[in-house]
Amino acid sequence: MPHRLIDLIGNTPLLEIEHRNSSRVRIGAKLEYFNPGGSVKDRPVKRMLLAAMESGALQGRTIIDATSGNTGIAYAMLCAEFRLPLELAMPENASEERKLILNLYGAKMHLTSPMEGTDGAQRFVQDLVQKQGDRYFYPDQYNNDNNWKAHLETTGPEIWEQSDGQVTHFLAGLGTSGTFVGTARYLQPKGVKCLSVQPDNPLHGLEGWKHMETAIVPGIYDAGLADDVLEVDTEDAFRYSIAAAKYLGLLISPSSAANLFAAIRLAGTLESGYIVTVFPDNAFKYLKDRFWSEHDYHIADPFH
Ligand SMILES: Cc1ncc(COP(=O)(O)O)c(C=O)c1O
């Protein structure tokens, strides 16, 4: 029996997703919201924090990072477990639920301009660290190799084992790009085609995702890695969040639904195969988003 919360991270279930072409192409989704912090970001944050603690670099300094929310929640949970001081910068328009959760874990928050997204939060932290470097330890998830290595060591092998080595395609959306880069570096050498997914324009509504052409490109991003790049319209992600709740019994976030939409669209183009994607988090932090009520609840079943 694990004695520490941190030891419960990873080994999330791979769920078979039923869809119209299931007889030819299987789709599996890693339910990353089974992690104790409720998202995929528990994995990289665990590796970044353990590396910091083991290296002795913390020395009583306050941990600080920029986050769209999920990384912050993972930091806040683990910093509470290990009693480490934490400050986070995030865009002011991050969902209320995220801010509430961070407050409950006791993290100090710096809210940055909603117009600048996570890029603004990143710039804020860089400024602060430049001015008061001795006070802070800045893991910098966008440039920290422990981010993608967490997926190389855990997400990739889990997908390989849970699919009995049958996976033919892996796809995932890009935020810091850690999930995609690390998992692809494990699966691609085994012959798995790896496709990255992006929002189709800079002004998208997919929390946690970046539009790489117009964003600050993370240092850990490897633009040459993907076998192909898929694009998803935010509206399709919103529709699939609603449809997944109604027809699959899955309350998933827009970014999970965007991965699901991309996987189903890809399945339509294949003769056979086994596509695996990730659902980074569930819908619990987005329940107050307007799209749930603005869209037609009588949306037709796109899966069966
Ligand atoms: C909801 C959500 N989806 C996807 C991602 C992207 O994951 P990664 O940073 O590994 O690219 C994030 C990252 O914060 C996220 O919060």
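The values are calculated or read from the model by the stated rules, or taken from the named source; none is laboratory data. This one's a predicted model, so the numbers in the text were calculated from it and none came from an experiment. Virtual Cβ from ideal backbone geometry, glycine too; neighbours counted across all protein chains shown. The accessibility values were calculated without ligands, DNA or RNA, using every heavy atom of the protein model including side chains. Shrake-Rupley method; radii C 1.70, N 1.55, O 1.52, S 1.80 Å.
The residues on offer are 270, 203, and the sole one that is without any contact (Cβ under 8 Å) to a residue 24 or more places away in the chain and away from the ligand (no atom under 15 Å from the Cβ) is 203. The sole residue among 173, 178, 208, 191 that is free of Cβ contacts under 8 Å to residues at least 40 places away in the same chain and either of a type outside the set (Gly, Ala, Ser) or assigned by TED's automatic domain parsing to the domain that holds residue 273 (or both) is 191.
Of the candidates 132, 122, the single residue that is open to solvent by less than 50 Å² (accessible area, probe 1.4 Å) and assigned by TED's automatic domain parsing to the domain that holds residue 61 is 122. Only one entry of 266, 248, 270, 287 meets the criterion of being touching a helix residue (DSSP H, G or I) at 6+ places or on another chain (Cβ under 8 Å) and either surrounded by fewer than 16 Cβ atoms within 10 Å (Cβ to Cβ) or not hydroxyl-bearing (Ser, Thr, Tyr) (or both), and that entry is 287. Return yes when residue 47 is among the basic types (Lys, Arg) and not assigned by TED's automatic domain parsing to the domain that holds residue 81 and no when it is not. No, not satisfied. Within segment 143-166, the set of residues being open to solvent by less than 10 Å² (accessible area, probe 1.4 Å) and either touching a residue at least 40 places away in the same chain (Cβ under 8 Å) or within 12 Å of the ligand (Cβ to nearest atom) (or both) comprises 147, 150, 151, 155, 159, 163. Hey, could you check segment 179-198 for residues that are within 10 Å of the ligand (Cβ to nearest atom) and part of a strand (DSSP E or B) and say which is farthest from residue 209 (Cα to Cα)? The qualifying residue farthest from residue 209 (Cα to Cα) is 196. Counting the residues of segment 231-245 that are within 16 Å of residue 16 (Cα to Cα) and surrounded by fewer than 20 Cβ atoms within 10 Å (Cβ to Cβ) gives 1.
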